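The values are calculated or read from the model by the stated rules, or taken from the named source; none is laboratory data. Predicted, not measured: the structure shown is a model, and the values here were computed from it. Neighbour counts run over all protein chains shown; Cβ positions are idealised from the backbone, glycine included. To get the accessible areas, we keep the full protein, side chains included, count just its heavy atoms, and leave off ligands, DNA and RNA. Shrake-Rupley method; radii C 1.70, N 1.55, O 1.52, S 1.80 Å.
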Amino acid sequence: QRRVRANNLRMSKPIKLVSQSKCYGGFQCVYEHESSILKCTMKFGCYLPPQHEKKKNLPIVYYLSGLTCTEQNYIMKSGFQRYAAKHGIVVINPDTSPRGFDLPGEHESYDFGSGAGFYVNATEEPWKTNYRMYSYVTGELPTVISSNFNVNVGKSAISGHSMGGHGALIAALRNPGKYKCCSVFAPISNPSECPWGQKAFSGYLGDNKSAWKQYDATFTAKEYDGPKLEILLDQGEDDPYLNDKQLLPENFANACSNNKLINLNFRMQPGYDHGYFFIMSFMEDHFNFMAKHIC
């Protein structure tokens, strides 16, 4: 079987192919590399659409997953490959936390530690050395991708679900112009005010709540001052975490309504919950939305 080769012309950060399967004319791959930011081996999904063999400078979508996920959940459950192939988009989806450590308390709960990096740069012991997912996602990983694949870093979008939706929002809002648009499913939109976020932020960032604001989309939306940012947010009305006040999208929507530089399309979807059946139901909409801005 022919193996997909990365672009060796700019190979500054080596990657290793872990798996490869042909899918919608392209290839769904998983790669691993040694992360200097996280100080461990990290895996990421990489969908290369059929256009990758003949066309250079393809657009990129980064997708961030939610609590407990690895790179496999989005690959196996969402059905995104059909739409990435249609539009000729390279899709990159990393793991949700560093791996390979046994820090005290790291594996004790689903919503903190392994599988729950919350896309922040931790400042508290023992997390601050390795739990630096914000810098990994917005800095190191894009450098790895641009060094190994024929992509156009100027045509990037970012997407995510739940905890990953939170990560996508803060990445877009804190890096004006880096991502042409942002697409999110049921994001944790105001983590400073919800139990999941308060637990994570207390552990990773300490008790000084002023330090939390930089990683809270509701606060960063108020301060956003960059190019017009287009955001598509879908939320299931029957999502149990919406009712439990873990997500708080209404707070984020209010913040966006007071910032003319953000154009938020906030859609409540009747009957849908928090899972991947919800995500796959609106995946085509989200890829059509992103394609308008990066293709």
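Here are the numbers:
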item: Verdict on A255 being more than 30 Å from S114 (Cβ to Cβ), touching a residue at least 12 places away in the same chain (Cβ under 8 Å) and open to solvent by less than 40 Å² (accessible area, probe 1.4 Å); result: yes
item: Lone qualifier among P104, P187, P195 - being out of contact with any Lys or Arg (no Cβ under 9 Å at 6 or more places or on another chain) and farther than 21 Å from I75 by Cα; result: P104
item: Those residues of the stretch 158-205 which are small (G, A, S) and over 24 Å from T68 (Cβ atoms), in sequence order; result: G177
item: Total residues in the stretch 150-179, condition surrounded by 21 or more Cβ atoms within 10 Å (Cβ to Cβ) and more than 11 Å from the chain's Cα centre (by Cα); result: 4
item: Residue within the stretch 213-224 that is closer than 18 Å to M290 by Cβ, out of contact with any Gly (no Cβ under 6 Å at 6 or more places or on another chain) and open to solvent by 10 Å² or more (accessible area, probe 1.4 Å) present; result: no
item: Given (1) surrounded by fewer than 21 Cβ atoms within 10 Å (Cβ to Cβ); (2) under 17 Å from the mean Cα position of the chain (by Cα), number of the condition N57 does not satisfy; result: (2)
item: Residue check for G105: assigned to a loop (DSSP other than H, G, I, E, B), on the phi > 0 side of the Ramachandran plot and not aromatic (F, W, Y); result: yes
item: Residue among P187, P176, P195 that is over 25 Å from H274 (Cα atoms) and modelled with pLDDT of 95 or more; result: P176
item: Residue list for the stretch 258-295, filter: among the hydrophobic types (A, V, I, L, M, F, W, C), surrounded by fewer than 17 Cβ atoms within 10 Å (Cβ to Cβ) and assigned to a helix (DSSP H, G or I); result: F277, M280
item: Test: residue in the stretch 127-143 that is open to solvent by less than 30 Å² (accessible area, probe 1.4 Å) and in contact with a His (Cβ under 8 Å, 6 or more places away or on another chain); result: no
item: Among (1) under 23 Å from H274 (Cβ atoms); (2) surrounded by fewer than 21 Cβ atoms within 10 Å (Cβ to Cβ), the one test that Q235 misses; result: (2)
item: Matching entry among L229, L242 (being hydrophobic (A, V, I, L, M, F, W, C) and open to solvent by less than 10 Å² (accessible area, probe 1.4 Å)); result: L229
item: Elements of type helices (runs of 4 or more DSSP H) contained in the stretch 137-211, each with 2 or more residues being free of Cβ contacts under 8 Å to residues at least 40 places away in the same chain and among the small types (G, A, S); result: none
item: T68 vs. criteria closer than 15 Å to L141 by Cα, of a type in the set (S, T, Y) and open to solvent by 30 Å² or more (accessible area, probe 1.4 Å); result: no
